[in-house]
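Okay, structure first, notes after.
The values are calculated or read from the model by the stated rules, or taken from the named source; none is laboratory data. For clarity, every value in this text was computed on a predicted model and none was experimentally measured. Here the Cβ is made from the backbone with ideal geometry for all residues, glycine too, and neighbour counts use every protein chain on show.
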Amino acid sequence: MRHARTPGTGRARNETARPTRPAPSGRRGRRTLRALAAAAAGAALALLPAAVPAHAAGGLGACPTGYFCGWTGPDGTGAMFKTRTSMPTLGSWNNRILSRSNRTGGWACMFNQPNYDLSGPDGTYGTEQPERSGEGSWEPPPAWISSIKLVRTERECDMPPYGEWWARKSPATAGFGDLDGNRVPDVLSRDLAGRLWFGPGDGSGVYVGSGWNQMTALTRHGDFSGDGREDLLARDGSGKLWIYPGNGRGWFGARKLIGTGWNQMTALVASGDMNSDGRDDLLARDGSGRLWIYPGDGHGRYGARKLIGTGWNQMTALVAPGDLNSDHRDDLLARDGSGRLWIYPGDGHGRYGARKLIGTGWNQMQALLAVGDTDGNGRADLHAFTNETYVVDGSPGFLGLHLSFSGTGHGTWAAPVTEPASWWQLNGTY
Ligand SMILES: [Ca+2]
Ligand SMILES: [Ca+2]
Ligand SMILES: [Ca+2]
Ligand SMILES: [Ca+2]
């Protein structure tokens, strides 16, 4: 089974395209050497000492570090092929590889047609995960591999490394969700290899940098440094909070340390301007479930925090969508452990009014994203990315679908639209 393909032409969508289930189980099955050996050898295997390594015979262990290797026979026997670069055609090795070992450090995507081609009724691919010496897999004949693509993350077998993001220009400046200031809301997506990508809204992705997996929280909502450009806040594994000042083009200048000790916080949410002083603020929830506001000073730092409330550790997601109910005060969305989504209307004084229930079933979402008005009608919208419990046509397992909810301006939204591109196998969207 293949992933849903993304239309390549502008914003045109095929609304009737049914998303296919982007689950690894739908692919050509990966068979491990150990599983096959156990099935074939049966009782004989039980006589072997448990500690006999799989590569005792040489075989798969002959594949050098940094290479993908294939063999004409099972278990690393026969002639050995090796490559450290992608190969759109395999020449004399076409349809000859039976066993393989992937020691590239990334993923190997193996296609049954040349040029990584998935078209036609039979186009398919399998994957070989990053492996250690002596590990690998094989399948009985017939051999079928005709092209091999080497990538960092599994989703790159048939998708770009970043989330494909589409948005329209808003009639008004939202003041957040727009790193390059063109009134088209944009996103940052982090892939599983720790690379950060800027999605300007035309489906493309611009590489920002690597090493972002060391960050345990990322959040953005407006300008903290006072230069009118949106910034990014990031907390690293040691609890340091950093500001990455936006350069107005979707990436960032040299980071500056805001403070330490932030790993006691279980949530960090750039909230917009909660206290109506024209400067964007920060919400943080501590391990006891207390929610704090850190008022921004407009120079990349924060004033003395104030307690907003307690009991917030029942919430499994906090999102700052801007002003959802058209009173010009920034609001907050929170999902509780039962999957109910609540709106907390901002009162403009750093607190929230009585919450209202928006909907249920939101625990089928692995992430919520709010970057302003994304469909160009002037009202703030909401986006959600599904987890493995999401149900389509009675079947769960639709992981990584992107749903967009058009805001009504009254704290509610229209029925969701399923976007065409899959956000499967990413490590966060901001
Ligand atoms: Ca933009
Ligand atoms: Ca403020
Ligand atoms: Ca509001
Ligand atoms: Ca909108």
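For this structure, a couple of remarks:
- Qualifying residue in segment 328-343 (condition: buried (at least 19 other Cβ atoms within 10 Å of the Cβ), touching a residue at least 40 places away in the same chain (Cβ under 8 Å), of a type in the set (Asp, Glu) and closer than 24 Å to residue 268 by Cβ): yes
- Filtered by the rule that a residue be charged (D, E, K, R) and touching a Leu at 6+ places or on another chain (Cβ under 9 Å), segment 383-430 gives 388, 419.
- Residue within segment 171-191 that is surrounded by 14 or more Cβ atoms within 10 Å (Cβ to Cβ), more than 16 Å from ligand 1 (Cβ to nearest atom) and either farther than 30 Å from residue 104 by Cβ or modelled with pLDDT of 95 or more (or both) present: yes
- When the residues of segment 406-428 are filtered to those that are in contact with a strand residue (DSSP E or B) (Cβ under 9 Å, 6 or more places away or on another chain) and under 25 Å from residue 345 (Cβ atoms), the one that is nearest to ligand 3 (Cβ to nearest atom) is 411.
- Single match in 178, 158 (criterion: in contact with a His (Cβ under 9 Å, 6 or more places away or on another chain) and more than 16 Å from ligand 3 (Cβ to nearest atom)): 158
- Subset tally (residues that are surrounded by 21 or more Cβ atoms within 10 Å (Cβ to Cβ) and without any contact (Cβ under 8 Å) to a residue 60 or more places away in the chain) for segment 224-233: 2
- Residue in segment 238-252 that is out of contact with any His (no Cβ under 6 Å at 6 or more places or on another chain), at pLDDT 95 or above and within 16 Å of ligand 2 (Cβ to nearest atom) present: yes
- First in segment 176-189 and within 16 Å of ligand 2 (Cβ to nearest atom), second anywhere and part of a loop (DSSP other than H, G, I, E, B), Cβ under 8 Å, 6 or more apart: 176/220; 176/221; 176/222; 176/230; 176/280; 176/371; 176/372
A quick yes/no check of all residues on (1) among the small types (Gly, Ala, Ser); (2) away from ligand 3 (no atom under 16 Å from the Cβ); (3) in contact with a Lys or Arg (Cβ under 6 Å, 6 or more places away or on another chain):
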| position | (1), (2), (3) |
| --- | --- |
| 355 | no, no, no |
| 367 | yes, yes, no |
| 376 | yes, yes, yes |
| 389 | no, yes, no |
| 404 | yes, yes, no |
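- Screening residue 242 with (1) more than 18 Å from the chain's Cα centre (by Cα); (2) in a loop (DSSP other than H, G, I, E, B); (3) free of Cβ contacts under 8 Å to residues at least 60 places away in the same chain gives one miss only, at (2).
- Just one of the listed residues (415, 380) is over 15 Å from the mean Cα position of the chain (by Cα), outside any strand (DSSP E or B), within 20 Å of residue 178 (Cα to Cα) and within 16 Å of ligand 4 (Cβ to nearest atom), and it is 380.
- Residue identified as surrounded by fewer than 17 Cβ atoms within 10 Å (Cβ to Cβ) and either assigned to a loop (DSSP other than H, G, I, E, B) or modelled with pLDDT of 95 or more (or both) among 313, 325: 313
- Taken over segment 69-118, the criterion of being surrounded by fewer than 18 Cβ atoms within 10 Å (Cβ to Cβ), closer than 23 Å to residue 153 by Cβ and among the hydroxyl-bearing types (Ser, Thr, Tyr) is satisfied by 83, 85, 86.
- Residue check, residue 138 in contact with a Pro (Cβ under 8 Å, 6 or more places away or on another chain), in contact (Cβ under 8 Å) with a residue 12 or more places away in the chain and closer than 30 Å to residue 378 by Cβ: no
- Any hit, segment 237-245, residues being crowded, with 19+ Cβ neighbours inside 10 Å and within 16 Å of ligand 3 (Cβ to nearest atom): no
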